[in-house]
Amino acid sequence: MIKGRLPVGQMSSVVAPAKQSDTMGPKEVELILVKEQNGVQFTSSTLINQPETNADNEERETWAKKIDFLLSVIGFAVDLANVWRFPYLCYKNGGGAFLVPYLFFMLIAGMPLFYMELALGQYNREGAAGVWKICPIFKGVGFTVILISLYVGFYYNVIISWALFYLFSSFTGNLPWEHCNNTWNSLNCSDLFNSSNLNETQRTTPAAEYFERGVLHLHESQGINDLGLPRWQLTSCLVVVIVVLYFSLWKGVKTSGKVVWITATMPYMVLTVLLLRGVTLPGAIDGIKAYLSVDFLRLCEASVWIDAATQICFSLGVGFGVLIAFSSYNKFSNNCYRDAIITSSINSLTSFFSGFVIFSFLGYMSQKHKVALEEVATDGPGLVFIIYPEAIATLPGSSVWAVIFFIMLLTLGIDSAMGGMESVITGLIDEFKFLHKHRELFTLFIVLSTFLISLFCVTNGGIYVFTLLDHFAAGTSILFGVLIEAIGIAWFYGVARFSDDIEEMIGHRPGLYWRLCWKFVSPCFLLFMVVVSFATFKPPYYGTYVFPVWANMIGWCIAISSMALVPIYAIYKFGSLPGTFRDKLAYAITPEKEHHLVENGEVRQFTLRHWLMV
């Protein structure tokens, strides 16, 4: 069998090498001499100038094993919010009744968007910015999600460093948050939950004072305008976290895929152990009953549906570019549909399962202190760094249980942080090809950059910087990013074309349900969430501290800086393209590999059929 290459239109009866052609020039074909019969040569020809998105792209690194990818996605999606956010929302919003809106939004938006991102990354085999060669004018949304992931890294690593600090502090006979006899305790500290000697507004628990005074040293700061220097203890923990992240990411998915075997599986082992211990505690059953109690009347309240929609948006990790980055390292024919169903379902089941663990201990705390459950039930960092440690401190062998719990927090946080960093690294390396040869140095640059910004969060007033970033970095902006992403894929690139891509990969087209969700339901849901996010905005606060106006302005600048990349890049791209307004628009919304069709006046986005197809 003889092989040769000739440009189309220049073929002769001779099989000979062809010159290299560019993307916009004549396509090359490969002629394969099959046999000669009765003096006639039979040949077959195939295009060899294929786009980089197909299965023949063998240069890109792939996951060593399929399970590495699944564990990485699960590890990223299942994070600290599954433990400290979902159980509280379920309890607060009608118990088991909360599952109705939660599952509803999961089916119409969560899973479809999850599936969309996995398929998008796997087909195009590039990071969050590079995939937008399918519709160049929307490339700005790729940079938006990369920037958001970078912003989140500035403060998310700090949570992990807190957990590491607590872990080190747990290796002692008596946990430091058990009593009020420490140097950091104030006169308001009381070992008893109900103390008659102190006004209720003045009383603080040993666990609360340990977190705010012993760990954060918040009492030494007057506010966000009085941060002070970084605390060396927390800085040391932050250094350890950064080192672990670097050596987990520096070689790409070959190394991170091994790390998640520990970080993604450990939380399930620990949650199971904690549940077995929790259900044996007095009052645990009451806590679990309160968690599962069904109040369908709460479904008449708009806030319950908004909480469920918000939880879906953030718990699955859609919109951070992580799912796109991870799936871009899959083999082209990987069944991303099955992966989406499995991983998104595991994420939701984990959230539900963790509620039993949390509320078994909260029920125990409620009975022990003889107070109503709502007085001990909370969410956010206060749950895992104050309430839960306080409960653990009352158990026999409390140090052992504390070590187990904070190991779980560490592993929950590390793989989520790895995902966020991978989104940034993959997205920028794929966009700026020269960085491919310097991945180790670029990874070092990224993790060091996040470390330097994170130092502001480990000062005396660092919790204020942390709260500001947490409030503005990935709230409305991430919803906006996913909305533009969904519109770009479903409407401009086209659901029909996107479905063709998926069929090329896995052998069958997505069903009508998925296509309708992508084109109509999910974009409407996201638009509703963006509007609600603006309408219900409340300025950040920490305890009784109200942030000054200038701090809120900085927060909005952070949020707008990522969202602004969408119109800024669109204007830049439109202005850099040649031709008339119509030509510019055609090139801007047509996939790069179809630009040769624009020259012939064939622009499917200019036809009514393109916009009506599902």
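Miscellaneous remarks
- When Ala290, Ala309 are screened for being touching a Pro at 6+ places or on another chain (Cβ under 9 Å), at pLDDT below 95 and not basic (Lys, Arg), only Ala309 passes.
- Given (1) open to solvent by 10 Å² or more (accessible area, probe 1.4 Å); (2) over 18 Å from the mean Cα position of the chain (by Cα); (3) under 30 Å from Tyr210 (Cα atoms), number of the condition Ser454 does not satisfy: (1)
- Selected residue (criterion: farthest from Phe105 (Cα to Cα)) from residues of segment 532-554 that are assigned to a helix (DSSP H, G or I) and of a type in the set (Gly, Ala, Ser): Ala551
- Residues that are assigned to a helix (DSSP H, G or I) and either farther than 19 Å from Gly413 by Cβ or open to solvent by less than 10 Å² (accessible area, probe 1.4 Å) (or both) within segment 376-399 comprise Leu383, Val384, Phe385, Tyr388, Pro389, Glu390, Ala391, Ile392, Ala393, Ser398, Ser399, listed in sequence order.
- Each residue in segment 573-587 was checked for being more than 28 Å from the chain's Cα centre (by Cα) and part of a helix (DSSP H, G or I), and 10 of them qualify.
- Residue selected from segment 134-182 under the condition of a type in the set (Ser, Thr, Tyr) and in a helix (DSSP H, G or I), by the criterion surrounded by the fewest Cβ atoms within 10 Å (Cβ to Cβ): Ser169
- Phe359 falls short of the stated requirement of being surrounded by fewer than 24 Cβ atoms within 10 Å (Cβ to Cβ), among the aromatic types (Phe, Trp, Tyr) and in contact (Cβ under 8 Å) with a residue 40 or more places away in the chain.
- Yes/no for Glu594 being surrounded by 15 or more Cβ atoms within 10 Å (Cβ to Cβ) and at pLDDT below 95: yes
- Looking across segment 597-614, the residues that are under 30 Å from Ile478 (Cβ atoms), open to solvent by less than 50 Å² (accessible area, probe 1.4 Å) and not polar (S, T, N, Q) come down to His610, Val614.
- Of the residues in segment 194-213, at least one is closer than 24 Å to Ile392 by Cβ, open to solvent by 10 Å² or more (accessible area, probe 1.4 Å) and among the basic types (Lys, Arg).
- Helices (runs of 4 or more DSSP H) contained entirely in segment 62-106, each with at least 1 residues that are within 23 Å of Ile262 (Cα to Cα): 66-77, 80-84
- Test for Glu422: is it closer than 30 Å to Leu316 by Cβ and either of a type in the set (Lys, Arg) or at pLDDT 95 or above (or both): yes
- Screening segment 221-308 for helices (runs of 4 or more DSSP H) wholly inside it with 2 or more residues that are open to solvent by 30 Å² or more (accessible area, probe 1.4 Å) and farther than 17 Å from Phe406 by Cα returns the ranges 232-249, 253-263, 284-292.
- Residue in segment 115-133 that is open to solvent by 20 Å² or more (accessible area, probe 1.4 Å), at negative phi and assigned to a helix (DSSP H, G or I) present: yes
- Segment 518-548 - residue that is touching a Phe, Trp or Tyr at 6+ places or on another chain (Cβ under 9 Å) and among the aliphatic types (A, V, I, L, M) and, of those, farthest from Ile487 (Cα to Cα): Val530
- Look at (1) more than 30 Å from Thr350 (Cα to Cα); (2) crowded, with 23+ Cβ neighbours inside 10 Å and you find that Ser449 fails only one, number (2).
- Checked against (1) more than 30 Å from Tyr587 (Cβ to Cβ); (2) open to solvent by 10 Å² or more (accessible area, probe 1.4 Å); (3) assigned to a helix (DSSP H, G or I), Met529 meets all criteria but (2).
- Selection within segment 331-340 - open to solvent by less than 10 Å² (accessible area, probe 1.4 Å) and of a type outside the set (Gly, Ala, Ser): Cys336, Asp339
Condition check ((1) of a type in the set (D, E, K, R); (2) buried (at least 19 other Cβ atoms within 10 Å of the Cβ); (3) in contact (Cβ under 8 Å) with a residue 24 or more places away in the chain) across all residues:
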site	(1), (2), (3)
Ile502	no, yes, yes
Arg509	yes, no, no
Lys519	yes, yes, yes
Phe534	no, no, yes
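- Selection over segment 568-591 of residues that are open to solvent by less than 50 Å² (accessible area, probe 1.4 Å), more than 13 Å from Tyr493 (Cα to Cα) and without any contact (Cβ under 8 Å) to a residue 60 or more places away in the chain gives a count of 2.
The values are calculated or read from the model by the stated rules, or taken from the named source; none is laboratory data. Since the model is a prediction, treat every value here as computed from it, not as a measurement. Cβ sites come from the backbone with ideal geometry, for glycine too, and all protein chains shown count toward neighbours. For accessibility, only protein heavy atoms count, side chains too; no ligands or nucleic acids. Shrake-Rupley method; radii C 1.70, N 1.55, O 1.52, S 1.80 Å.
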